[in-house]
Number of protein chains: 2
Amino acid sequence: MSNFVPTAASIPPKDVKLRLQEIPNLPPNLHPLNPLVFLLRAAQIYPQKVALIHSDVIHPVVYNFGVWAQRIQNLAYALIKFGIKPGDRVGVIAPNCPLIADAHHGVLAARAIVTPINTRLKPSEVEYIIEHSSCSLLLVDHECVHLVKSTKVPVIVSNDTGLADDPYEVFLSDGRVFSGERGWPGLSAEADENAGAVLCYTSGTTGRPKGVLTTLRGSYLAAIANAFEGQMNRHSTYLWILPMFHAAGWTFPWANVFSFATQITLRTVNYTHIWRHFLHSGVTHYCAAPTVQIGIVNGPQAKKPPQDITAIIAGAAPTAHLIAKLEETGIRPVHVYGLTETYGPFTRNFEQESWSNLSLQERARLMARQGHAFATAEEVRVVHATEGDGDEPLRDVPRDGKTVGEIVTRGNIVMKEYFRDPEATRKAFAGGSFHSGDLAVWHPDGAVAIMDRSKDIIISGGENASSLAIEQELSSHPHVLEVSVVARSHIKWGERPMAFVVLHPQHVSKWRNRQSAFEKELKEHAKQRLPGFACPEWVEIRSELPKTSTGKILKTKLRNVVSKL
Amino acid sequence: MSNFVPTAASIPPKDVKLRLQEIPNLPPNLHPLNPLVFLLRAAQIYPQKVALIHSDVIHPVVYNFGVWAQRIQNLAYALIKFGIKPGDRVGVIAPNCPLIADAHHGVLAARAIVTPINTRLKPSEVEYIIEHSSCSLLLVDHECVHLVKSTKVPVIVSNDTGLADDPYEVFLSDGRVFSGERGWPGLSAEADENAGAVLCYTSGTTGRPKGVLTTLRGSYLAAIANAFEGQMNRHSTYLWILPMFHAAGWTFPWANVFSFATQITLRTVNYTHIWRHFLHSGVTHYCAAPTVQIGIVNGPQAKKPPQDITAIIAGAAPTAHLIAKLEETGIRPVHVYGLTETYGPFTRNFEQESWSNLSLQERARLMARQGHAFATAEEVRVVHATEGDGDEPLRDVPRDGKTVGEIVTRGNIVMKEYFRDPEATRKAFAGGSFHSGDLAVWHPDGAVAIMDRSKDIIISGGENASSLAIEQELSSHPHVLEVSVVARSHIKWGERPMAFVVLHPQHVSKWRNRQSAFEKELKEHAKQRLPGFACPEWVEIRSELPKTSTGKILKTKLRNVVSKL
């Protein structure tokens, strides 16, 4: 990588001015919040510091903040030259790589809205999103071109080489030429901090995906919260395992720059690459869902890295087993919770001093809670399910750790709207707060703990059994690597839990061809920990579980399996 | 302290709701920024964690976040009961103690404006501020009562005991009764994030003090910036050496709570107390001007504390000598710069990797620069002095490290206005940016470096000599503890520098009755480091230098001395 030379157009002029055009008539003490300013500060203060490393490819690249900022400026000018106007949507379809990292800043610099599209969708789904968002232009990684074959929207392809003849680099270089060296002061700053920043489509398991529109103000505040909660700084190195297209990478594209951290982009979740970076690239932070975390700590390369690593975990609660494995490996787990509609994380499990005296099992049970509003988030509540038309005020459930309600939230870390879907927006904001759709209890200490999405509750003999709680207990069995529990209909009880289990690699051989013996053992394990109605009636060993592109277990697929049994 | 029991009114009810009244018609994704929410979060997440320690008094007190939040709620209700309306000013005159810490949150909770008044002013100056701000009520520490003898404004006195019969405690308890246990949800939240938060009067050396009005939004963003730049977290302990009445303690009253840090309040700058806390109370952060820092590192108790300490330095640049002494003692210096008008710090000296190879002298010279905009601050520029009526656009000086101009800034970390002084406000914001009045050069890397306030420039033989630069060089002499340089008129050269020196205690005896020998030695030291026109013509040894209540050297007093020579 040491012989990589950025394109000529990537090199900033010697007297670069890192300041946007002045906004007319702005009060001197009010500046619209915009995460783009983080990049300008980083390029000003640490121009020589490495901003972006993309190493595990045929053509590795590395950019310092000075060069990277110039490339992003070029992108902004290229978009403007193309005809992008403020508020337009610019789609980006790419795995983690410089293209999508650039887009999170460059599209904002053109005052347009970044529209990251999940690379693992089907072409028809991608086409739906392109049409619904009415993107004016698509920035597409070479491996994703098949997804946009039928689109009429113009496409810029990146071959992910960083070489001058790469079509994406040509696009950037043309932008530089078009700029006429007006630089940053030639770009107008967005005067409205509530203007759109990102339009992310949720990968809904049912119905059409919905477009979640976030704002500049929200992105700014959420990014700072993530940087603060992660205690990031200029010595931090962030490894991109979480796809950046997922909820705009939980605002880490900006949180990293706010912290002056170095970012390493990984195109795929490759445990060999991950461990090489953990052990040799000084990685200090990464985000991933528990399923990916399980893969990481169980990788054959796993060993204690020389530096401290903070693992930011969301998507599901980490199990006791996972927490123990992470801590053993010298990785500090931070459990956060959020949705695309909340810019990624908006709650955090805040560890208490007193927990250090508890057993791992007890501590893990507390750490599995989604916790409290984090840094710049506001109100997080658990409310009774609303009936009627959604205009009645929300009523808190008692803080008893038992009564199940829905998590709602409001404040700056909440999306602006579902794009072009006023009906869905109205429903989501019924009673004046955003409805997460996640069912939870509220503990006396104010921590929320997700029980289940309503469809994940198993109604067994008239009792509500939480599939999540059952999974937590089953995963404490030392031979269980991953487990997912869904409802299966039962003549006597209505529903009963069925568990799908992936065994830990070390124990696979022990149970080979002994499915029923394992089933018996796991049921015994459950009986000691769970009420009868919550014990799994069926256990099936699987070599893997079906997952979404972002690593969430696809319970819908398991329910399909179950419905045919 | 272990036997201290908070008053009955300080104990929160078991089912305390840490949420203000809902603001009607608020969009769910917009919440007015308000630093008061930090307290509500801290009391929710860490109710048992120690928030405030006030130990070095006859009646020491300690409050955890749960109790402290209740006390602040009581204060808000007490103010409302008294008749305080949104936007009213509530004065507070106190050294660092719970009263003034409470006021920074409780007055905001009543939607009023905190008006901290410098305790070292003369009664007539205090009276001027009370009248100019038209405070409706004064919260006054028992030691400051003499300052408000002639006022007609009602006064609540605190004897700083925390005991039930303390008049301040009676005031709080009455507030609790008045609340009728409506709690936080009985208090309305401020809907306008640009409403006033703090009104701080600058201790101007000439003319009447001006009232600097800040906003809730600015306080929120500045506090987060200070917490982030200081890398504070729930394991931090902040020692109050800087007076809280000084620019609202640089927003640390909120930055500490945002970080869930423990605060220790010290009524006076007492080096014995400071070192006891450094060595035995786990202090991790404090703020102070260099003169105070000098006193700290030269204290007889000084030794390496068991934990890392970050010293946030502002008010003047730290000298090489001070930096070396701090680092020797295991204290990490962070040099920031700001004014009351900028919520305290808004720039920071950002250390560069490459500096670690430099000599201490070279590193200190770089660390003395005021640097770049920090976390949530925006544009910092150095511009040519404006002539005319202030409507012409500001012109940047070249970034050559030589051309002297004025530091200007704009953005969210800039005051709203000078209270009831539109003319001063207009002048301060000429050209659309706030004028700091500090003269500086702009280095090619974008760092600003203060040369001097215009009146501190010495015009020696037609050359502009920076008294600051001269002080930097003289202070590198190992026997110099503190030095201040002012202009003294000279028949031939117009002006020439005169240096006032405080010797390091260890070297006082060496130079006793040898004033002229020391003068010769220091001039020799200067000649090797400074151009001829900048070498001091006169040197005077003093046992101490005149200082403001906030530790800034009073050059006006030295100029008075000089004018009579």
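The values are calculated or read from the model by the stated rules, or taken from the named source; none is laboratory data. If you're wondering where the values come from, they're calculated on a predicted model, not measured in any experiment. Neighbour counts are summed over all protein chains in view; Cβ atoms, including those assigned to glycine, are modelled from backbone coordinates with ideal geometry. SASA here: full protein model, heavy atoms, side chains in, ligands and nucleic acids out. Shrake-Rupley method; radii C 1.70, N 1.55, O 1.52, S 1.80 Å.
Within the stretch B:209-218, take every residue that is farther than 24 Å from B:Pro98 by Cβ and at the interface with chain A (Cβ under 9 Å from one of its Cβ atoms) and give me the one that is surrounded by the fewest Cβ atoms within 10 Å (Cβ to Cβ). Talk me through it step by step, then tell me what you get.
Start the filter on the stretch B:209-218 by keeping residues that are farther than 24 Å from B:Pro98 by Cβ, which leaves B:209-213, B:215, B:217-218.
Among the residues that remain, those that are also at the interface with chain A (Cβ under 9 Å from one of its Cβ atoms) are: B:215, B:217-218.
Values: B:Thr215: 25, B:Arg217: 23, B:Gly218: 28.
Only one residue tops the list, namely B:Arg217.
Out of all the residues in the stretch B:415-433, which are within 8 Å of another protein chain (Cβ to nearest Cβ) and farther than 14 Å from B:Thr342 by Cβ? The answer is B:Gly432, and nothing else.
Going by the conditions given, is B:Phe4 among the aromatic types (Phe, Trp, Tyr), in contact (Cβ under 8 Å) with a residue 40 or more places away in the chain and either away from every other protein chain (no Cβ under 14 Å) or farther than 26 Å from A:Val408 by Cα (or both)? Here the answer is yes, as B:Phe4 does meet what is asked.
Here are B:Pro478, B:Pro444: which of them is within 14 Å of another protein chain (Cβ to nearest Cβ), touching a residue at least 40 places away in the same chain (Cβ under 8 Å) and not polar (S, T, N, Q)?
Values: B:Pro478 fails: within 14 Å of another protein chain (Cβ to nearest Cβ).
Result of the check over B:Pro478, B:Pro444: B:Pro444.
Residues in the stretch A:329-338 include none that are loosely packed, with under 14 Cβ neighbours inside 10 Å and either at the interface with another protein chain (Cβ under 9 Å from one of its Cβ atoms) or farther than 30 Å from B:Pro35 by Cβ (or both).
Tally the residues that are in contact with a helix residue (DSSP H, G or I) (Cβ under 6 Å, 6 or more places away or on another chain) and facing another protein chain (nearest Cβ under 9 Å), restricting the search to the stretch A:29-48. Explain how you work it out, then say what you get.
As a first pass, look at the stretch A:29-48 and keep what is in contact with a helix residue (DSSP H, G or I) (Cβ under 6 Å, 6 or more places away or on another chain): A:33-36, A:38-39, A:42-43, A:46-47.
Okay, now just the ones that are also facing another protein chain (nearest Cβ under 9 Å), so A:33, A:46-47.
Qualifying residue count for the region: 3.
Suppose we filter B:Leu199, B:Leu163, B:Leu172 for residues that are touching a helix residue (DSSP H, G or I) at 6+ places or on another chain (Cβ under 7 Å) and open to solvent by 50 Å² or more (accessible area, probe 1.4 Å); which single one remains? Write out each step before concluding.
Values: B:Leu199 fails: open to solvent by 50 Å² or more (accessible area, probe 1.4 Å); B:Leu172 fails: open to solvent by 50 Å² or more (accessible area, probe 1.4 Å).
Going through B:Leu199, B:Leu163, B:Leu172 in turn, the sole match is B:Leu163.
I need every pair where a residue in the stretch A:131-144 that is under 14 Å from A:Tyr168 (Cα atoms) has its Cβ under 8 Å from the Cβ of a residue that is among the aromatic types (Phe, Trp, Tyr), sequence separation at least 6 or different chains. So the pair list comes out as A:Leu137/A:Phe82; A:Leu139/A:Tyr168.
Among the residues making up the stretch A:312-328, a single one is open to solvent by less than 20 Å² (accessible area, probe 1.4 Å) and not hydrophobic (A, V, I, L, M, F, W, C): A:Pro318.
Every condition in (1) open to solvent by 10 Å² or more (accessible area, probe 1.4 Å); (2) modelled with pLDDT of 95 or more is met by A:Thr206 except one, and the failing one is (2). Taking the stretch B:248-258 as the range and being open to solvent by less than 10 Å² (accessible area, probe 1.4 Å) and in contact with a strand residue (DSSP E or B) (Cβ under 9 Å, 6 or more places away or on another chain) as the test, the residues that pass are B:Ala248, B:Gly249, B:Thr251, B:Phe252, B:Pro253, B:Ala255, B:Asn256, B:Val257.
Note on the stretch B:219-246: residues that are open to solvent by less than 10 Å² (accessible area, probe 1.4 Å) and assigned to a strand (DSSP E or B) total 3. Of the residues making up the stretch A:7-23, those that are part of a loop (DSSP other than H, G, I, E, B) and in contact (Cβ under 8 Å) with a residue 24 or more places away in the chain are A:Thr7, A:Ile11, A:Pro12, A:Pro13, A:Val16, A:Lys17, A:Leu18, A:Arg19, A:Leu20, A:Glu22, A:Ile23.
Output yes when any residue across the stretch A:339-362 is more than 14 Å from chain B (Cβ to nearest Cβ), at pLDDT 95 or above and closer than 30 Å to A:Leu216 by Cα, and no when none is. Yes, the stretch A:339-362 contains at least one residue that is more than 14 Å from chain B (Cβ to nearest Cβ), at pLDDT 95 or above and closer than 30 Å to A:Leu216 by Cα. Counting only strands (runs of 3 or more DSSP E) wholly contained in the stretch B:447-556, the ones carrying 1 or more residues that are at pLDDT 90 or above, open to solvent by 40 Å² or more (accessible area, probe 1.4 Å) and not assigned by TED's automatic domain parsing to the domain that holds B:Pro116 occupy B:480-490, B:538-542.
Of all the criteria given as (1) more than 9 Å from every other protein chain (Cβ to nearest Cβ); (2) part of a loop (DSSP other than H, G, I, E, B), the one not satisfied by B:Asn412 is (1). Considering B:Ser150, B:Ser179, B:Ser158, the condition of being open to solvent by less than 30 Å² (accessible area, probe 1.4 Å) and over 18 Å from B:His104 (Cα atoms) is satisfied by B:Ser179 alone.
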